[in-house]
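In what follows, a single structure is set out as structure tokens and then discussed.
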Amino acid sequence: MTEKCVIKIGGSVLKDGSSLPRVMDIISHFRSPILVVSAFGGITDALYRFYEYDESRMDKLRDLLLMHLGILWKYNIEAHPEISIQDSSILDQDAYVSYGEKMSAFTLARFLTGNGIPAAPIYTDEAGLIVEEISKERTVDLEGSRAFFENIARVETSGKVPVVTGFFGIDRYGKTRILGRNSSDYSAVAVAAILGIREVILIKDVPGIYMNLEDRTSIVNRIDYETALRIVDRGSKVVHRAALRLAMKMGMNLLITSPENLESGTVIGDLF
């Protein structure tokens, strides 16, 4: 595929260390991709649980970091724990659970680099992805995230693939803020909007969108935004509603696909 795009890799695909070669194969199909990643499967839920363990939060976090380093060591890739765990960050729940995505981005970037694809992790709270809260709903401030745009540009200019954390950003007071559970789809669309990219690929564990959730033969090749929103409102969790709404507003195309069906899937968009 030749168009520049944002590729979101979710926890359903990035299940554990054995998934890394599959992710590398996925990105080899695209030109100059920008990756947006979730935490490895189950890690976010674990972090929410560990946050309740006041006295052992730090130890639990260090154990998880060592687990991710162990994944790289199994592939004979040397890596040092470059993620800084601050005492202050374990006091705030949003900052604490954000380490799942940080460890995922770090691990994937080091794996790609160790296999001949130079990559760099981009942590959205450090890189300037601004989160604002309006009427108790958190969204990405596209206009205010200029620093994030510049940070991505610097990584690309250096010839590296940006591996961006989904799920969170930073507010105007310097605090890490979660965008909501299962929000990495939305993060990917927001990243694309900031960078002026019109194509977002959402890699899922299903090959596309089903018109009827009970009928696995009802997958569609193309669908408009309003129809996709109605399907989501009926209970489908294949794509985050906020991602659909932002993509519709920005005139983007979304492709819902799976690692086994990269050349097919469901395209969501109003202009075909």
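Quick one: count up the residues across segment 67-98 that are open to solvent by 10 Å² or more (accessible area, probe 1.4 Å), within 18 Å of residue 40 (Cβ to Cβ) and not in a loop (DSSP other than H, G, I, E, B). Count: 5.
Taking segment 151-170 as the range and being among the hydrophobic types (A, V, I, L, M, F, W, C), touching a strand residue (DSSP E or B) at 6+ places or on another chain (Cβ under 8 Å) and part of a helix (DSSP H, G or I) as the test, the residues that pass are 152, 155.
Taken over segment 143-166, the residue count meeting the criterion of being surrounded by fewer than 19 Cβ atoms within 10 Å (Cβ to Cβ) and of a type outside the set (Gly, Ala, Ser) is 8. Within segment 28-43, the set of residues being closer than 14 Å to residue 16 by Cβ and either touching a residue at least 60 places away in the same chain (Cβ under 8 Å) or touching a Cys at 6+ places or on another chain (Cβ under 8 Å) (or both) comprises 37, 38, 39, 40, 43. Return yes when residue 74 is modelled with pLDDT of 90 or more, within 23 Å of residue 153 (Cα to Cα) and of a type outside the set (A, V, I, L, M, F, W, C) and no when it is not. Here the answer is no, as residue 74 does not meet what is asked. Applying the selection to segment 99-132, what residues are buried (at least 24 other Cβ atoms within 10 Å of the Cβ) and hydroxyl-bearing (Ser, Thr, Tyr)? Answer for segment 99-132, where residues must be buried (at least 24 other Cβ atoms within 10 Å of the Cβ) and hydroxyl-bearing (Ser, Thr, Tyr): 99, 104, 107, 124.
The residues on offer are 56, 135, and the sole one that is farther than 24 Å from residue 171 by Cβ, open to solvent by 20 Å² or more (accessible area, probe 1.4 Å) and at pLDDT below 95 is 56.
The values are calculated or read from the model by the stated rules, or taken from the named source; none is laboratory data. Please read these numbers as outputs of a predicted model, since none were measured by experiment. Positions of Cβ are backbone-derived with ideal geometry, glycine not excepted, and every protein chain shown enters the neighbour counts. Remember, those area values only see protein heavy atoms, side chains included, never the ligands or the DNA or RNA. Shrake-Rupley method; radii C 1.70, N 1.55, O 1.52, S 1.80 Å.
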